[in-house]
1. Once you list every other residue whose beta carbon is under 12 Å from the beta carbon of Asp191, what net charge do they have if Lys and Arg are +1 and Asp and Glu are -1?
2. Could you state the number of Å between the C-alpha centres of the range 162-233 and the range 104-136?
3. Relative to the present Cα-Cα distance, how much length would full extension add between Leu121 and Trp202 at 0.36 nm per residue of separation?
4. In Å, the Kirkwood hydrodynamic radius of the range 64-230 over pairs of distinct alpha carbons?
5. Determine the alpha carbon to alpha carbon distance for each of Lys71/Lys175; Lys68/Lys175; Lys114/Lys195; Lys68/Lys178; Lys72/Lys178; Lys92/Lys199 and list only those over 23 Å.
6. For the residue pair Lys71 and Glu219, what label-to-label distance in nm results when each label sits 7 Å from Cα along the Cα-to-beta-carbon direction?
7. Figure the gain on full extension for Leu109 and Leu81 (residue separation times 0.36 nm, minus the Cα-Cα span) and round it to one decimal in nm.
8. How far apart, in nm, are two points set 7 Å out from the Cα along the Cα-to-Cβ line at Thr133 and at Ala95?
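Any read-out appearing in this document is the output of simple, stated calculations on the displayed coordinates, not a laboratory observation. Since the model is a prediction, treat every value here as computed from it, not as a measurement. Here the Cβ positions follow ideal geometry from the backbone for every residue, glycine too, while neighbour counts run over all protein chains shown.
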Amino acid sequence: MMLEVSYFFPTFVTYYLTQIFMARIKKGILGDVEGQLGGVIGYRRNGKNFLRAAPASHHDKRSEGQMKQRKKFALVNEFILSAIPFFNIGYKVLAQQHTAYNAAMSYLLHHAIKEVDGDYLLNYQRIMVSLGTLLPAPNISLKEEEGMLLLTWDDNSGIGNAEPSDVAMFFIHHKVQKTSIYLLDGSRRADCGGKIPLKSGWNTKDLVFYLAFRRENYEEVSCSQPLFLISNP
């Protein structure tokens, strides 16, 4: 089968089509063709001769909009992958038709990116590491004491859908090292608080903190809340 390729096709389409529809060469006055000849390559397979288009040099020219979107994607992707087990729970409710990763990616791309001096940064105050309809706890406070992070909150069990057995989930992200630590099975709502050991060498000035709650059966989660460290007097 002979294929005449129009010059109106993009290079990658031309190459793809030519790979599919290869023209067999019969011996003529030039004899067999082997190696590259102009824009084609001659080769022999199973005792027969064939031609195919030579791969064109590829120039990956991306628009400014595409480059911006890639930067945003890379920023959010790095953040999610630093704690993928947490996001698998935190975005489980939204992952009905796609994965929790995709749900988190979509939300953070649209709501948690800010532009500063032409560069893109995570907007930590708008980040949600968990999204759901479970009622969060009120009056949360966070303090550091002898290498421990001390959390307290008011028990609002019995109000709305809040239950005393709801499990606290704690999330810490290091903004400089781009790494995260988290606790998926912490205190219960009725405990009114809990303790989390602070990783050795981490300065709290480089950290952001979030708290969320989940059902014991993982079927419901709350929206996460950003926490602000209370300085010791």
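1. Charge balance in the 12 Å sphere: 0.
2. 17
3. Full-extension gain reported as 27.1 nm.
4. 16.5
5. Over 23 Å apart, Cα to Cα: Lys114/Lys195; Lys92/Lys199.
6. Distance between label points: 4.5 nm.
7. Stretched out fully, the Leu109 to Leu81 stretch lengthens by 8.6 nm.
8. If labels sit at Thr133 and Ala95, their model points lie 2.0 nm apart.
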